[in-house]
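Taking it in order: structure first as structure tokens, then the write-up.
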Amino acid sequence: MIKVKIYNGYIRALYLIMIIFIVSLSGCKGSVNLQSLSDKPKDNTSFPVTITDDMGRKVTLKTEPKRIVSLAPSNTEILFFLGLGDRVVGVTSYCDYPEEAKLITKIGGFKDPSLEKIVILKPDLVLATGMHEQLIKGLEDAGLDVLVIKPNTIEEILNTMQLVGRAAGVEDKAATLTKDLKDRVNAVSEKTGKIPANERPTVYYELWYEPLMSVGKGTMIGQIIELAGGINVTAGSAEQYPQLSEEVIVMKNPEVMVNSYGHDAKKITPEEIAARKGWKEISFVKNYRIYTIDSDCLTIAGPRIVEGLEKMAQYLYPELFK
């Protein structure tokens, strides 16, 4: 029974990662320039409007969409954040935030949504991701408008929110809400950007524990660690999600350990982590710097990613981010 629970938690963690990473092989950058985003609200979108999505597809929306289907938790969160929750008529079984999303008609899993269930809902806009390429043709053959969004950095997430706002006819509102998030990101980067490299703490991020898994270069979490002023000890890995031995962590001797295992995972206390074989001499154990961040705030490419960044910065620099 314990093994089954661990396996289920592992699958849940991988699904959360897939939401933000598997849709693209393009790498994430350690810094972010948000100045390209508009600071001023724009007029509401005039329809028809043609939008170029993240697959380079030009999609023309003839009228303002009133019935929207979301094929990913990140898309669902963006829609609700923009105040479009009352237009969402279908979501995946993994869309559980905000609470209202749980009550919306389910169209299948994130990886395998049902074409039939989507078509029955008669949406005038479907928000897909990069991993839904095979489904997109079926949706278009059914006469549905589909936008593919697959942000890979914090900057791209904020740009995606403005794109969705434009597609839904609430471009001015999206610009205003996005500016608030942009200001919060800049508030972090302005402080951490002044910290010399030799004063930045080394960070071990634990994505999973059986086997030990972390994050390498080209991942959203890797970008968050760097933007928060940390040095990711597995950034040099050839893999995006390297598996590690306990001995490797001992050898790297990171100063801070951050974890987030997903909702279905076994709860592991800092005491249990500290008790691992040979870990008592690791810096983050000796100095009691073992922290947990909600996995949704680090793996779902939506507005809560900013909260994840702020929490990471607070853990790395508690005196700087009180």
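Bear in mind that the values in this text are calculations on the coordinates, not laboratory data. These figures come from a predicted structure and were not determined experimentally. Because the Cβ atoms are built from the backbone with ideal geometry, glycine has one as well, and the counts that use them run over all protein chains shown.
Taking a straight Cα-Cα cut-off under 19 Å and skipping sequence neighbours fewer than 8 places away in the same chain, the aspartates and glutamates within cross-link reach of K277 are E206, E210, E246, E247, E255.
In plain terms, the chain from E247 to E271 could stretch by 6.8 nm, reckoned as 0.36 nm per residue minus the Cα-Cα distance. Rounded to two decimals, the Cα radius of gyration of the stretch 49-186 over 2.2 N^0.38 Å is 0.97. Hey, how many Å between the Cα centroid of the stretch 163-219 and the Cα centroid of the stretch 273-321? Result: 14 Å between the Cα centres. Shape analysis of the stretch 217-322 places it in the rounded category; the axes a ≥ b ≥ c from the Cα gyration tensor give an a/c below 1.5. Computed from backbone phi, the HN-Hα couplings of the stretch 153-159 come to 9, 4, 4, 5, 4, 5, 5 Hz, rounded to whole numbers (Karplus: 6.51 cos²θ - 1.76 cosθ + 1.60, θ = phi - 60°; Gly and Pro given as x). Counting DSSP beta bridges with both partners in the stretch 49-186, what percentage is antiparallel, nearest 5? Counting DSSP beta bridges with both partners in the stretch 49-186, the antiparallel share is about 35 percent. Entry note, the stretch 154-220: relative contact order of 19 percent, from Cα contacts under 8 Å with a spacing of 6+ residues. Amide H contacts for T202 (H built 1.01 Å from N in the peptide plane; partners 5 or more residues away or on another chain; cut-off under 5 Å): I231, E255, V256. Using Cβ point charges alone (K and R +1, D and E -1), the dipole size of the chain about the Cα centre works out to roughly 180 debye. Counted over the chain, the DSSP beta bridges are approximately 35% antiparallel. As a proxy for reagent exposure, T292, T160 were ordered by neighbouring Cβ count within 10 angstrom, fewest first; the result is T292, T160. Below 26 Å, Cα to Cα, which lysines can K217 reach? Residues fewer than 8 away in the same chain don't count. Cα-Cα hits under 26 Å: K29, K111, K150, K182, K191, K194, K252, K311. Work out the charge dipole of the chain with +1 on the Cβ of Lys and Arg and -1 on the Cβ of Asp and Glu about the Cα centre, then indicate which of A238, Q162, G143 is farthest towards its positive end. Projecting each Cα onto the dipole axis, the largest value belongs to A238. The three principal axes of the C-alpha atoms in the chain carry coordinate ranges of 63, 49, 33 Å, sorted with the longest axis first. Contact order for the chain, expressed relative to its length and based on alpha carbon pairs under 8 Å spaced 6+ residues apart, stands at 22 percent. For the stretch 109-195, the relative contact order comes to 19 percent (Cα pairs under 8 Å, sequence separation of at least 6).
Ranking of E116, E64 by neighbouring Cβ atoms within 10 Å, starting from the fewest: E116, E64. Straightening the chain between A142 and K66 buys 25.6 nm, computed as 0.36 nm per residue apart minus the Cα-Cα spacing. Within the listed set T105, T92, T269, the residue fluctuating most in the Gaussian network model of the chain (springs between alpha-carbon atoms under 10 angstrom) is T269. Rounded to whole Å, the principal axis extents of the Cα atoms in the stretch 162-231 read 45, 34, 16, largest first. Amide H contacts for V146 (H built 1.01 Å from N in the peptide plane; partners 5 or more residues away or on another chain; cut-off under 5 Å): V126. Would you mind getting me the FRET efficiency between Q134 and R57? Use the beta-carbon distance for r and R0 = 22 Å, nearest 0.05. Computed FRET efficiency for Q134 and R57 comes out at 0.90.
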